[in-house]
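Q: This is the structure, below, for whatever I ask next.
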Amino acid sequence: MKINNATIIKILEASGDVPQARLEEYAEKALDSTFDLYELVVKQNVKSDSELTKAYAEEIGIPYTDINIKELSKEVLQQIPEHIAKLYNMIVFEGSIDEPDKPRCIAMENPDDLQALDVLHKLFGQNITVYIATRVNILSALDQYRGNIGSEISKIVTEQDEAAQDDEDIADEDIAEDSPIAQTVNLIVEYAIKSGASDIHIEPRPKEVLVRYRVDGVLREANRLPKRTLAALVSRIKILSNLKIDEKRAPQDGRFKIDMNGRKFAFRVSTLPITEGEKVVMRILDESSEPLSLETLGFWGKALEDINDASRQPHGIILVTGPTGSGKSTTLHSVLHILNKPDINISTIEDPVEYKLEGVNQTQVNVLAGMTFVAGLRALLRQDPNIIMVGEIRDKETAGLGVQAALTGHLVFSTLHTNNAATCLPRLLDMQIEPFLIASVVRVVIGQRLVRRLHKEDCEEYEPNAAQKQQLAKVFGLRTKADWDAIMQLADAAREHFKLPKSNKLTFWRPKQDLEEEKTGYRGRMGIYEVLKNTEEIQKMIISNDTSDNIQKKAITEGMITMQLDGLLKAMLGMTSIEEILRVTRE
């Protein structure tokens, strides 16, 4: 929602973290009633939309909520008819007709809308609790009123000309803005966003076209289309992505953007010729989402302290390691968001630019134009940066330039593809970086994986039996009672950090056996991490060319919690399951 200028000034003054000179500048602009100070403050990254809305909620004495779209029940939502919900930008997110004594929890963009409140009282009486939420959050929730993708696409596809069987012969009207094919592409994209998918796969098969979404890291089928729609479907996507329609024998890469419910989404498109036709994969990037805090990502305890300490250093290298799709870019951008201040120059070179950060100078790699990581990094060093982020260290030249940048007073962030944190240091040796340079410039190495987060309503708690406990001991290296006692102590510390009740029992959670077919027991993802701090002892081991196994053992004795152990602790807290941890960490 839009908040008036005077209230914005009051909120900024109360926060105490805006310089006086900037406050005076804003106060002067606030005198002009036609000037939108709210938009300026958000755009300049002084306060986010959610932070301003939360502060405004405290100011007017109405609770703030951030609706978790993935946990929103359609039955609860539909207590307000769709046309009324969209007219007043409000939704029910908790409470149902089966629980008459429990108040309906209503999220509104404008809780001062008397007409909307009158409608709510007519629907539910006085038994309601009104919350304030951001406009983007409510619009995303309103989108959950939509029906099933299969039925909607089937309806559109049947409208197509059945006579057009030749998928090589595409008329202009077949892929026009208002054509059934264009509507089909729009639906595929919209439902992918609604499902929380990270990727869309459009795959030709001998007799049909398979549409699959990757949700929470796992591919699942969304729909099947007639094979005759393939050429027009791919051509429509190529038009959106500014690719060559007539090039079907070589892979192509493109990008397009859409606005949906006040949020901006970028789609990174890749086409690939396979035996049955052209396959298309679209990576979905939510450009409107704010970077998450490290705590929200799942960092805690010593790992969180080590990252914060390294980020406060004036120079050095911070590396994030893990396979493709393990959330490395998300972690880096969260740290950069924390460090992003008006008096700091942050510059990046990425391939591709996945997350747009307000106030950060982001450069896209373009190999054809000669803009490689090496060329980009050389140019960045002449741009007077304080902090540099290199999307990936791929070769010895990039690694060498990154080390030189760290030695000359810059804080450098980058990623490497290794299996764990300790392996990252010998990997730099393979890139011909001198051991004493690695020891002196690397501050911390973060290893990570993504696991699916359990949805408590679809899960059950259980105590492992003797056989299961023996298996856990074998997999996680818990050989003695002292090992188990240490794990229980760590679990207590983790519960305290995540504000969960204490427990003296060893229990885990798993999806219920009798779930409906479309439910998995999981919603969303979270990270499991290990953070290796480059201490004096580890520096000595690097200089003496010690093995990654010995470096790992030393880091563990100094308090590092490994990824697998971090996963076990989060499974004990009911955040994920043992099966998920083993799925992503088993070697």
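Q: Only residues in the range 471-494 that are more than 17 Å from G559 (Cβ to Cβ) count as the first member; pair them with residues that are surrounded by fewer than 17 Cβ atoms within 10 Å (Cβ to Cβ), Cβ under 6 angstrom, at least 6 apart or cross-chain, and list the lot.
A: L478/W484
Q: Here's another thing I want to ask about it. Among the residues that make up the range 79-98, is at least one of them open to solvent by less than 70 Å² (accessible area, probe 1.4 Å), at pLDDT below 80 and under 28 Å from D17 (Cα atoms)?
A: Within the range 79-98, not a single residue is open to solvent by less than 70 Å² (accessible area, probe 1.4 Å), at pLDDT below 80 and under 28 Å from D17 (Cα atoms).
Q: Okay, next question. Kindly check whether there is at least one residue in the range 61-76 that is hydrophobic (A, V, I, L, M, F, W, C), open to solvent by 30 Å² or more (accessible area, probe 1.4 Å) and either in contact with a His (Cβ under 7 Å, 6 or more places away or on another chain) or within 17 Å of I11 (Cβ to Cβ) (or both).
A: Checking the range 61-76: at least one residue is hydrophobic (A, V, I, L, M, F, W, C), open to solvent by 30 Å² or more (accessible area, probe 1.4 Å) and either in contact with a His (Cβ under 7 Å, 6 or more places away or on another chain) or within 17 Å of I11 (Cβ to Cβ) (or both).
Q: Further, regarding this structure: Determine, yes or no, whether R449 is surrounded by 11 or more Cβ atoms within 10 Å (Cβ to Cβ) and not acidic (D, E).
A: yes
Q: Would a scan of the range 145-161 turn up a residue that is surrounded by fewer than 19 Cβ atoms within 10 Å (Cβ to Cβ), at pLDDT below 85 and under 30 Å from K54 (Cβ atoms)?
A: yes
Q: Filter the range 240-269 down to the residues that are in contact with a Gly (Cβ under 9 Å, 6 or more places away or on another chain), polar (S, T, N, Q) and either open to solvent by 50 Å² or more (accessible area, probe 1.4 Å) or in contact (Cβ under 8 Å) with a residue 40 or more places away in the chain (or both) and list them by number.
A: N242
Q: Hey, another quick one. Do we find a residue being open to solvent by less than 20 Å² (accessible area, probe 1.4 Å), of a type outside the set (K, R) and in contact with an Asp or Glu (Cβ under 9 Å, 6 or more places away or on another chain) anywhere in the range 394-402?
A: Checked the range 394-402: at least one residue is open to solvent by less than 20 Å² (accessible area, probe 1.4 Å), of a type outside the set (K, R) and in contact with an Asp or Glu (Cβ under 9 Å, 6 or more places away or on another chain).
Q: Now for a separate question. How many of the residues making up the range 355-367 are modelled with pLDDT under 85 and buried (at least 17 other Cβ atoms within 10 Å of the Cβ)?
A: 2
Yes or no, residue by residue, for (1) open to solvent by 10 Å² or more (accessible area, probe 1.4 Å); (2) at pLDDT 90 or above:
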residue: H201; (1), (2): yes, yes
residue: D216; (1), (2): yes, no
residue: L233; (1), (2): no, yes
residue: K238; (1), (2): no, yes
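Q: Still on this model: Answer with yes or no whether L187 is farther than 30 Å from N366 by Cβ and in a strand (DSSP E or B).
A: Considered against the rule, which asks whether it is farther than 30 Å from N366 by Cβ and in a strand (DSSP E or B), L187 comes out as no.
Q: Also: Looking at the range 322-335, which of its residues are open to solvent by less than 10 Å² (accessible area, probe 1.4 Å) and either in contact with a Leu (Cβ under 6 Å, 6 or more places away or on another chain) or free of Cβ contacts under 8 Å to residues at least 12 places away in the same chain (or both)?
A: If the condition is that a residue be open to solvent by less than 10 Å² (accessible area, probe 1.4 Å) and either in contact with a Leu (Cβ under 6 Å, 6 or more places away or on another chain) or free of Cβ contacts under 8 Å to residues at least 12 places away in the same chain (or both), then S326, S334 are the ones that fit.
Q: Let me ask you something else. Which number in (1) modelled with pLDDT under 90; (2) within 12 Å of M572 (Cβ to Cβ) marks the one condition that K499 misses?
A: Exception for K499: condition (2).
Q: Here's a check for you: in the range 342-351, which residue that is at pLDDT below 90 and surrounded by fewer than 16 Cβ atoms within 10 Å (Cβ to Cβ) is farthest from V41 (Cα to Cα)?
A: D343
Q: Name the helices (runs of 4 or more DSSP H) wholly inside the range 507-587 in which the number of residues that are without any contact (Cβ under 8 Å) to a residue 40 or more places away in the chain is 2 or more.
A: 536-543, 548-557
Q: Given the residues D49, D32, D66, D36, which is the only one that is farther than 29 Å from F93 by Cβ, out of contact with any Asp or Glu (no Cβ under 7 Å at 6 or more places or on another chain) and not aliphatic (A, V, I, L, M)?
A: Sole residue among the options that is farther than 29 Å from F93 by Cβ, out of contact with any Asp or Glu (no Cβ under 7 Å at 6 or more places or on another chain) and not aliphatic (A, V, I, L, M): D32.
Q: Still on this model: Condition (residue is within 30 Å of L407 (Cα to Cα), within 32 Å of the chain's Cα centre (by Cα), surrounded by 14 or more Cβ atoms within 10 Å (Cβ to Cβ) and of a type in the set (A, V, I, L, M)) applied to the range 495-504: is it met by at least one residue?
A: no
Q: In this structure, does K122 turn out to be farther than 24 Å from T53 by Cβ and either within 30 Å of the chain's Cα centre (by Cα) or at pLDDT 85 or above (or both)?
A: For K122, the condition - farther than 24 Å from T53 by Cβ and either within 30 Å of the chain's Cα centre (by Cα) or at pLDDT 85 or above (or both) - is met.
The values are calculated or read from the model by the stated rules, or taken from the named source; none is laboratory data. The shown structure was predicted, so the numbers you read here are calculated from the model rather than taken from an experiment. We place every Cβ from the backbone using ideal geometry, glycine too, and count neighbours over all the protein chains shown. Each accessible area value is taken on the protein alone, full model and side chains, heavy atoms only, with ligands, DNA and RNA left out. Shrake-Rupley method; radii C 1.70, N 1.55, O 1.52, S 1.80 Å.
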